[in-house]
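Taking it in order: structure first as structure tokens, then the write-up.
What follows draws every value from the coordinates through simple rules; no lab data is involved. Predicted model, so just to flag it, every value in this text is computed and none were measured. Positions of Cβ are backbone-derived with ideal geometry, glycine not excepted, and every protein chain shown enters the neighbour counts.
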Amino acid sequence: MNAPAPAPTPIDLDAWPRRAHFEFYRRRVPCTYSITTELDVTLLAEALRGSRRKTYLAQIWALSTVVNRHEEFRMCLTASGAPAVRPVVHPAFTVFNPERETFACVWAPHDPDFGAFHEVAAPLLAEHARATELFPQGEPPADTFDVSSLPWASFTGFNLNIGGGWDHLAPIFTLGRYTEREGRVLLPLAVQVHHAAADGFHTARLVNEVQALVADPSWLGDGPES
């Protein structure tokens, strides 16, 4: 992750179906929107109870896997302000320091294999659990997207107000505390999206694909606890 991020591929505007939408929400009516939903993670939670894998990292990996399936969630801007797509993006995620009541932001490379991702990411949680810097690994790479967790509260709505964030096209995810209802385990998930990058259709598809992934946690595997 210390190497420079691979160069993004510029989008062919003449062939891009969303060109008019991008230009409208980038220039004329720049805006972001958020969706808060609940994921049914009953089977994932059950599998994790018998696993040595970390719940938080399983959630992050599921998000990263679906984000990397879709170009609209790997978008960025070139130096000239034109839209482009990164070949891969990596999750940056928060680690809470309970003694200071602050958090650090760390990141790990995305890996299509959850076990390989867990092997790299789990030591980061332990290493930086008492970090005193916001970015203990240094400035985040350009090809990251953000995930944060609020394990102290189960919420039904969450919104970020990003001042001057019109160039930030990457999605932002916030996870909440599990809640149980009618025998199901539910995970609050908030998704913040730049409308120039993705419409409601795209975000709904992302949420539905994450739901499908956590509903079949056969990818979880098992391994030594880090």
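Let a ≥ b ≥ c be the square roots of the eigenvalues of the Cα gyration tensor of region 109-226; is it rounded (a/c under 1.5), or, if not, prolate (a/b larger than b/c) or oblate? Mind showing how you got there, number by number?
Numbers: a/c = 1.43, a/b = 1.05, b/c = 1.36.
Rounded is the answer for region 109-226, as its axis ratio a/c remains below 1.5.
From the square roots a ≥ b ≥ c of the eigenvalues of the alpha-carbon gyration tensor of region 21-134, which class results: rounded (a/c under 1.5), prolate (a/b over b/c), or oblate? Walk me through the intermediate numbers first.
On the way: a/c = 1.93, a/b = 1.57, b/c = 1.22.
Cα axes put region 21-134 in the prolate bin.
Considering only the other residues whose Cβ falls under 14 Å of the Cβ of residue 167, what net charge follows from Lys and Arg at +1 and Asp and Glu at -1? Kindly include the intermediate steps, with their values, before the conclusion.
Values: positive: 26, 27; negative: none.
My count for the surroundings of residue 167 gives +2.
Rounded if a/c is under 1.5, else prolate if a/b beats b/c, else oblate: with a ≥ b ≥ c from the C-alpha gyration tensor eigenvalues square-rooted, which is the chain?
Details: a/c = 1.65, a/b = 1.40, b/c = 1.18.
Prolate.
Tell me what the chain gives for mean residue ellipticity at 222 nm when only DSSP H runs of n ≥ 4 count, each as -39,500 (n - 2.57), the sum divided by the residue total, rounded to 500 deg cm²/dmol.
Details: 5 runs with 55 residues, N = 226.
Rounded to the nearest 500, it is -7500 deg cm²/dmol.
In the neighborhood of residue 87, defined by Cβ-to-Cβ distances under 15 Å, what is the net charge if each Lys or Arg adds +1 and each Asp or Glu adds -1?
On the way: positive: 69, 74, 86; negative: 71, 72, 111, 143.
With Lys, Arg at +1 and Asp, Glu at -1, the neighbours total -1.
Only helices at least 20 Å long along their axis, Cα-based, and averaging -1.0 or more on Kyte-Doolittle count here, so list those DSSP H runs from the chain.
Working: long enough: 200-214 (21 Å, 0.49).
TM-like helix candidates: 200-214.
Add +1 for every Lys or Arg and -1 for every Asp or Glu among the other residues with Cβ under 15 Å from the Cβ of residue 103, and state the total.
Values: positive: 100, 130; negative: 99, 101, 127, 133, 146.
Local net charge: -3.
If I take every Cα pair under 8 Å that is 6 or more residues apart in region 160-226, average their sequence separation and divide by the length, what percent do I get for the relative contact order? Walk me through the numbers on the way to the answer.
On the way: 42 pairs, mean separation 16.5, N = 67.
For region 160-226, the relative contact order is 25 percent.
Can you give me the relative contact order of region 101-164 as a percent, contacts being Cα pairs under 8 Å and 6 or more apart?
Details: 28 pairs, mean separation 23.9, N = 64.
For region 101-164, the relative contact order is 37 percent.
Just need the relative contact order of the chain here, percent rounded to a whole number, with Cα pairs under 8 Å and 6+ apart. Present the calculation step by step, with values, prior to reporting the outcome.
Numbers: 398 pairs, mean separation 72.3, N = 226.
Relative contact order for the chain comes out at 32 percent.
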